[in-house]
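First comes the structure, then the notes that go with it.
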């Protein structure tokens, strides 16, 4: 059987890379002889290295020439560009092979952010990623997202607390941009209303804030922020009964595990096409609709440009807590 070598390009972020996994799986399973290589940044390699549908993960080097030299020796047949920026254009230009690029719809996003005119198609970003494979007659298998946790990163929740054995709520503390995440005050208020064990999830940068939330509640709440790597955090997500999360990478990881997700939305909106993809059917999106300033960005800010932060401050805490208890 003749091999067909594909190079997939996606450099960031955790969530975006997880959202590309249906492309990898469908390409591998539906194109006979497909050999899948993936080029990404070093910090995201661990998300991909244990994916059985990927034959080799390539890491961006500090030197463009060094990375290019490595890729040229692979003799790829096709490039699947799921990032589409200046850097991917350089690689495509120098490798000089047939490429298929993802449509980022930047103009449509700009119109929505700046003029609140929604010209975006009602299509999830996963399906737009899959559109790059049309030439290969690849169809969506509708199996959702993938996330593969290596055995050594599977977390025994009993090492955190025996109280978690009967179930817990995973609460994601952080997001890359502050205007996407719940405030500390909002987290405390919601967590106080949840009469279930809680595990706070996030990276090292969220550790101090999570500790303040934990100290304010001081009952059946455990701070896992910064204590685990991304695969271990994914293990904690996988074992949770319900996940409360903003629009962030752990939300997409929760979708990969078909979790019950309450996703809360601040300055970004689901209309951008990056809402939870095929999670548990009981999952729910919670947002403050009707704000004339929303979305204020397709990504986010350090603080609310209007200073009122109504997109988060006006979220109904009692409703969120009640839905979590129902789904538990």
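Taken together, the values in this text are just the output of simple stated rules run on the coordinates, not laboratory data. Given the structure is predicted, the values throughout are model-derived calculations rather than measurements. Quick reminder, even Gly has a Cβ in these numbers, built from the backbone with ideal geometry, and neighbours come from all protein chains shown.
Once the chain from residue 3 to residue 319 is taken as fully extended at 0.36 nm per residue, the excess over their C-alpha distance is 108.4 nm. Sketch the reach of a paramagnetic label on residue 280 as a point 7 Å from Cα along Cα-to-Cβ, and name the residues of region 245-267 whose backbone nitrogen lies under 20 Å away. In region 245-267, the label zone of residue 280 (backbone N under 20 Å from the point 7 Å along Cα→Cβ) covers 245-265. Descending by average beta-carbon neighbour count within 10 Å, the peptides 297-303, 69-75 line up as 297-303, 69-75, the highest first. Per-peptide packing, taken as the mean over residues of other Cβ atoms within 10 Å, places 188-199, 108-119 in the sequence 188-199, 108-119 from highest down. In a fully extended conformation the segment linking residue 114 and residue 72 would gain 11.0 nm over its present Cα-Cα distance, using 0.36 nm per residue. Hydrodynamic estimate: the Kirkwood radius of region 154-327 over Cα pairs, inserted into Stokes-Einstein at 10 °C and 1.306 mPa s, corresponds to D of 100 µm²/s. Considering only beta bridges that DSSP places wholly inside the chain, some 0 percent are antiparallel. Over all distinct Cα-Cα pairs of the chain, the Kirkwood formula returns a hydrodynamic radius of 20.8 Å. If R0 is 30 Å, what FRET efficiency do you get for residue 159 and residue 49 from their C-beta distance, rounded to 0.05? The value I calculate is 0.80. Rounded to the nearest 0.05, the FRET efficiency derived from the C-beta distance between residue 292 and residue 328 at R0 = 41 Å is 0.70. Only Cα pairs under 8 Å and 6+ residues apart enter the sum, and on that basis the relative contact order of the chain stands at 17 percent. By DSSP, what percent of the beta bridges with both residues in region 4-136 are antiparallel, rounded to the nearest 5? Once the DSSP bridges in region 4-136 are tallied, antiparallel ones form about 0 percent. Counting 0.36 nm for each residue step from residue 61 to residue 131 and taking away their Cα separation leaves a gain of 22.3 nm.
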